[in-house]
Each structure stands twice: as structure tokens, then as C-alpha cells.
Amino acid sequence: FAARASRLVDGTILMPGTSRVATGNGVARQLGAVGAAQRLYVAMHVLAFVGTTLTLKVQSDDNSGMTTPIDRVTSAAFTAVGSGWAELDGAIADDWWRATWTFTGTSFTALLLAGILNK
């Protein structure tokens, strides 16, 4: 992730900041497709961490069941409290999005937000 403060983006919470203890998937949200002149912006914040590694992903699909998800953004492995930022250029026809996470350890709290905005 490159730290960047170039845009203020109205986003959707894909992963609420609640304590978790295992690998999992978030709830699918219909954020919308990313047009060719748009970008997906992702902010990730690890607020508490007792563990070895945590990797966060943003996936997209063309349906709410996320039956054929595609990984769009993958974080570097977090090993402590921290944050990350990612930008992904369109065009992406999928309009459903979710967070997923792979975790080894005792517990963590993270918040993941995503938004779509013109470049």
C-alpha cells in the first residue's frame, strides 16, 4: 500500500471494527461497478492485534452470494496495529464487494472501507 492523502472518498464499511478471532468473510455489499474513468479506493485500519499475521482482501463478484469472487486488493501481512491504503483503476463490471481476512493468532480488530470515485 502506498500512503496517500490525495482524495476524500465517500465509502462503505466492508469490515466493521469489531473484535475477531479467526479467518473469515464479510457481508457482501452492492457498492457498484467501477467504470473505466473511476477508481476503487480502499482504507484498512488494524486497531488491535494479538497474533502472528493478518492479511486483508477486498473481493468483487457479479452476485450477492459471492459465488465466484475475484481478489481485487490484497494487503501486505499485518503483524501489528497499522493501516494501509490502495487504489484500483476500473473498469470492473462486478458490483458486489466484500472484505475477507486470513488471521493467525488470538484476536484482532480491523476496519476496512471502500469507495468508488472518478479519477
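The values are calculated or read from the model by the stated rules, or taken from the named source; none is laboratory data. Everything numeric in this text was worked out from a predicted model, so none of it was measured. Cβ coordinates were reconstructed from backbone atoms using ideal geometry, including for glycine residues, and neighbour counts include every protein chain displayed. Surface areas here come from the heavy atoms of the whole protein model, side chains and all, with no ligands, DNA or RNA. Shrake-Rupley method; radii C 1.70, N 1.55, O 1.52, S 1.80 Å.
What to note about this one:
- Restricting region 25-47 to residues that are among the β-branched types (Val, Ile, Thr) and buried (at least 20 other Cβ atoms within 10 Å of the Cβ), the residue that is nearest to Gly115 (Cα to Cα): Val42
- Some residue of region 80-98 being exposed (fewer than 14 other Cβ atoms within 10 Å of the Cβ) and closer than 21 Å to Ala48 by Cα: yes
- Criterion violated by Val50 - all others in (1) over 15 Å from the mean Cα position of the chain (by Cα); (2) open to solvent by less than 50 Å² (accessible area, probe 1.4 Å) satisfied: (2)
- Val73, sole failed condition from (1) assigned to a strand (DSSP E or B); (2) modelled with pLDDT of 95 or more; (3) open to solvent by 50 Å² or more (accessible area, probe 1.4 Å): (3)
- Verdict on Thr102 being under 16 Å from Ser19 (Cα atoms) and polar (S, T, N, Q): yes
- Taken across region 4-16, residues that are modelled with pLDDT under 95, in contact with a strand residue (DSSP E or B) (Cβ under 7 Å, 6 or more places away or on another chain), among the aliphatic types (A, V, I, L, M) and surrounded by fewer than 20 Cβ atoms within 10 Å (Cβ to Cβ) do occur, with at least one present.
- When region 57-70 is limited to residues that are hydrophobic (A, V, I, L, M, F, W, C) and not in a loop (DSSP other than H, G, I, E, B), the one that is surrounded by the fewest Cβ atoms within 10 Å (Cβ to Cβ) turns out to be Ile70.
- Taken over region 99-119, the criterion of being under 15 Å from the mean Cα position of the chain (by Cα), open to solvent by 20 Å² or more (accessible area, probe 1.4 Å) and polar (S, T, N, Q) is satisfied by Thr102, Thr109.
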